[in-house]
Amino acid sequence: MTKITTLLFDLGNVVFKWSFESMFHYLSRRYNTNIENFQKIFHVDEMYKKYEISGISTREYINHFSQMIGIQLNKTDFEKIWNSIFKEEVEGMNDLLQLLKNNYQLAALSNTNEIHCTYMKEKFKILFKHFGHIYYSHIMKLRKPDKEAFDYVFASLNIKPEEVLFFDDFKENVDGAKNIGLHAIHVTDFQSILSGLKEHGIPVNLSV
C-alpha cells in the first residue's frame, strides 16, 4: 500500500467557514429587500463556473450578477457583497494544520475567483501560511471535480494520486477525486476531518 505523503484540502467550509446565506443577509440589509428574493434568484450557473476559471472577466461577472439580482452594481459595491460570504476559521483547524505539517506535505485546492482569492488570502493568512502550495481554479483555469485540476496538482508536486488524502465539503468533488485514485473524505464538520485522518492511519492528539 502506497504511503500517504500529501494532505490536500479544499478551503471553504473545510479550513474556514463561508455561506451564500451571509451574502443574502448582506444584500437584504444593504438594499432593504426581503432576503427570500435573493435566495430565489441567485444560483451557481455557468457564468459563475466560467468566472472561477477566468473564462470571463470580473467586469463581465459583475454585469451578470447585477442582471441576476436586478441591481446595477459598481465594482466597489460588488466586492463588498461578494466578500460578505466569508465567516470565521473552522475552530481547531489552525492547531491541526500546525500539527500535520510536521509530517506531511500540506496543499490546498480551491474553486474560486480573483476577488474572493484576494480577500481570503488576507483574511485567513494565518491559516494559509501552513500550506506549502495553494492552487486556485481561476489561476489554473481548471476547477474541481475535473480530472485535469487534480492532474495539475500532481504534476506540480510530483506526486501520485494514491499518495494523496483529499478533504472537501462537496460530495461531487470527493467522488471525482476517488474516481481517479485519491483517498478522499467528505467533510461535514471538523470531526469528520479528524475521523478521516484516523481512518487513514493518521491519528492526531487534538482537543477541540
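So, in the range 183-208, exactly how many residues are more than 18 Å from the chain's Cα centre (by Cα) and in a loop (DSSP other than H, G, I, E, B)?
Looking only at that region, the number is 9.
So how many residues does the range 22-45 have that are under 12 Å from Gly70 (Cβ atoms) and surrounded by fewer than 16 Cβ atoms within 10 Å (Cβ to Cβ)?
Summing the residues that are under 12 Å from Gly70 (Cβ atoms) and surrounded by fewer than 16 Cβ atoms within 10 Å (Cβ to Cβ) in the range 22-45 gives 5.
Would you pick out the residues in the range 148-174 that are under 11 Å from Ala107 (Cβ atoms) and polar (S, T, N, Q)?
Ser156
Can you confirm whether Leu197 is modelled with pLDDT of 95 or more and surrounded by 14 or more Cβ atoms within 10 Å (Cβ to Cβ)?
So Leu197 passes the test.
Which residue out of Thr118, Thr112 is in a loop (DSSP other than H, G, I, E, B), at pLDDT 95 or above and either on the phi < 0 side of the Ramachandran plot or touching a Phe, Trp or Tyr at 6+ places or on another chain (Cβ under 9 Å) (or both)?
Thr112
Looking at (1) closer than 30 Å to Phe154 by Cα; (2) surrounded by 15 or more Cβ atoms within 10 Å (Cβ to Cβ); (3) modelled with pLDDT under 95, which is the one condition that is false for Thr2?
Going through the list (1) closer than 30 Å to Phe154 by Cα; (2) surrounded by 15 or more Cβ atoms within 10 Å (Cβ to Cβ); (3) modelled with pLDDT under 95, Thr2 breaks only (2).
Could you give me the residue pairs with C-beta distances under 9 Å whose first residue belongs to the range 66-85 and is farther than 15 Å from Ser22 by Cα, whose second residue is among the basic types (Lys, Arg) wherever it lies, and which are 6+ apart or on separate chains?
What qualifies is Lys75/Arg59; Asp77/Arg30.
Does Lys144 satisfy being touching a Lys or Arg at 6+ places or on another chain (Cβ under 8 Å), closer than 26 Å to Gly176 by Cα and at pLDDT 95 or above?
no
Looking only at strands (runs of 3 or more DSSP E) that lie completely in the range 5-91, which have at least 1 residues being more than 28 Å from Lys141 (Cβ to Cβ)?
Counting at least 1 such residues, we get 86-89.
List the residue pairs whose Cβ atoms are under 8 Å apart, where the first residue sits in the range 112-128 and is free of Cβ contacts under 8 Å to residues at least 60 places away in the same chain, the second is outside any helix (DSSP H, G or I) and among the aliphatic types (A, V, I, L, M), and the two are 6 or more positions apart or on different chains.
So the pair list comes out as Phe128/Ala108; Phe128/Ile134.
The values are calculated or read from the model by the stated rules, or taken from the named source; none is laboratory data. Everything numeric here is computed off the predicted structure, so don't read it as measured data. As a convention, Cβ positions derive from the backbone with ideal geometry for all residues, glycine included, and neighbour counts pool all protein chains shown.
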